[in-house]
Amino acid sequence: MEKEYEDIPGTFVFDADRSREGYHLNQFCISLRLQKNRDEFNADEEAYLDKYPMKPEQRDAVLKRDWNRLLELGGNIYYTSKLAANDGINFQNLAGLMTGMGVEAYRDMMLHGGRSIEGNRYKSEWSED
């Protein structure tokens, strides 16, 4: 069942359903807060991921560092950012990557008040009439 807020462009709302779907993905991501786990993951990503019974598409998104797909598949941005940090990507740079704008353009947009809400409230606003 599609939810009313699925029409918000550029994001995936982290709700209870997405939380359940992403449980093991998020458990993996939060495990990276500990250095010993980062070391083990960096030594053999595939073997480390075997500890977490993720869906194949979640595992694939981790290995490909498909940041937006991770959120779509139930990842929480605050947890998935642990994976980005492991790769040396700070939160601002991650946002730039995820928006497709690039780091500098994203930074400049945010310094100038963020993205305009005009035309960005609902995906249905984008439809051609």
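Quick notes on this structure:
- Pair list, Cβ under 9 Å, 6 or more apart: the range 86-103 residue farther than 16 Å from R33 by Cβ and part of a helix (DSSP H, G or I), other residue of a type in the set (F, W, Y) and modelled with pLDDT under 85: Q92/Y106; N93/Y106; A95/Y106; G96/Y106; L97/Y106; M98/Y106; T99/Y106
- Hey, F91 surrounded by 12 or more Cβ atoms within 10 Å (Cβ to Cβ) and either under 9 Å from the mean Cα position of the chain (by Cα) or at pLDDT 95 or above (or both) or not: no
- Checking A61 against (1) farther than 21 Å from D15 by Cα; (2) at pLDDT 95 or above, the condition it does not meet: (1)
The values are calculated or read from the model by the stated rules, or taken from the named source; none is laboratory data. Quantities reported herein were computed from a predicted structural model and do not represent experimental measurements. Methodologically, a virtual Cβ is constructed for each residue, glycine included, from the backbone with ideal geometry; neighbour enumeration extends over all protein chains shown.
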